[in-house]
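Report on the structure given below.
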C-alpha cells in the first residue's frame, strides 16, 4: 500500500493507494506528527510513502517516515514519468508537477490542462507527455483579503458560493460579484485561450474551490478532487518499478 502526502499552503492532503486506486483520502486543516502516526496506526500494510510540499515541515516527520517506510520526497531531481520542459525546474511548485503528472496519467498521450483552484489558481499544461508550464493567479480567499488589506475602507467579505448576481446592490455584494464572477470569467477565458491553441485539449479541475466552480464553469471539465495525490502515486509507482528492473 502507498501513502501519498501533499503539504499545501492551507491544508495537508493524504491518500492511501492500493495499486492505482484510492482506498482512502483526507484533507487535514491541522496536521502534526501525531496525525501522521494516527494514519499509520489505522492503516496496516503501508510500505511506501511519497511526499511533496510547498512549504517547510518538521524534520521529525521525515525521520519518522524514513525509519518505517521507503520514502520519496518529490524534488526537481526525482525521476519523472513525463518530460519536464519548465525552464526553472527548481522553482516549480511540486504540487503543480504532481497535478500535471496526475492529469497526464488520466489522458495519456493527449493535450491536457490541469486547473487547480486552491489558495492560488494554477494552470498546468501537458502536451503529449511533456510538461510545458502554465500560469498562477490569486485564489478565491486571497482575492477577498487583498481587497480588504490594500484599501482603507473596503470590508473583508466572506465568500458566498451561492451568490450569482452580476450586479452588486451594495458594497459587499459588489465585492462578491467582482471576486467570484471575475474568477469564473478568468478561468473560462483562460481555458478558451488554451483551447484556441490546442483544440483537442482536455480539462481537469481540482482544488478547494472545485465543488463551487464545477457548477459555475460552462466549459466541460473532468473534476478530480485529489489530482495531485494521484500524480504522486504515479511517480512513486514508476520509481518502485524502475528499482525492480
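Criterion first (under 17 Å from the mean Cα position of the chain (by Cα), under 25 Å from residue 91 (Cβ atoms), surrounded by 13 or more Cβ atoms within 10 Å (Cβ to Cβ) and assigned by TED's automatic domain parsing to the domain that holds residue 236) does residue 71 satisfy it?
no
Sort out for me the helices (runs of 4 or more DSSP H) sitting completely within the range 122-220 that have 2 or more residues that are touching a strand residue (DSSP E or B) at 6+ places or on another chain (Cβ under 7 Å), closer than 29 Å to residue 111 by Cβ and free of Cβ contacts under 8 Å to residues at least 12 places away in the same chain.
Per the criteria, no element qualifies.
For the range 63-94, what are the residues that are without any contact (Cβ under 8 Å) to a residue 12 or more places away in the chain and part of a loop (DSSP other than H, G, I, E, B)?
77, 88
Identify, please: which residue in the range 45-62 is without any contact (Cβ under 8 Å) to a residue 12 or more places away in the chain and not in a loop (DSSP other than H, G, I, E, B) and is, among those, surrounded by the most Cβ atoms within 10 Å (Cβ to Cβ)?
62
Residues in the range 13-30 that are part of a strand (DSSP E or B), surrounded by fewer than 21 Cβ atoms within 10 Å (Cβ to Cβ) and more than 15 Å from the chain's Cα centre (by Cα): how many?
5
Being surrounded by fewer than 24 Cβ atoms within 10 Å (Cβ to Cβ) and in contact with a strand residue (DSSP E or B) (Cβ under 6 Å, 6 or more places away or on another chain) is the filter; apply it to the range 226-238 and report the residue that is farthest from residue 22 (Cα to Cα).
236
The values are calculated or read from the model by the stated rules, or taken from the named source; none is laboratory data. Not measured: the values here are computed from a predicted model. Positions of Cβ are generated from backbone atoms using ideal geometry, with glycine treated the same way; all protein chains shown enter the neighbour counts.
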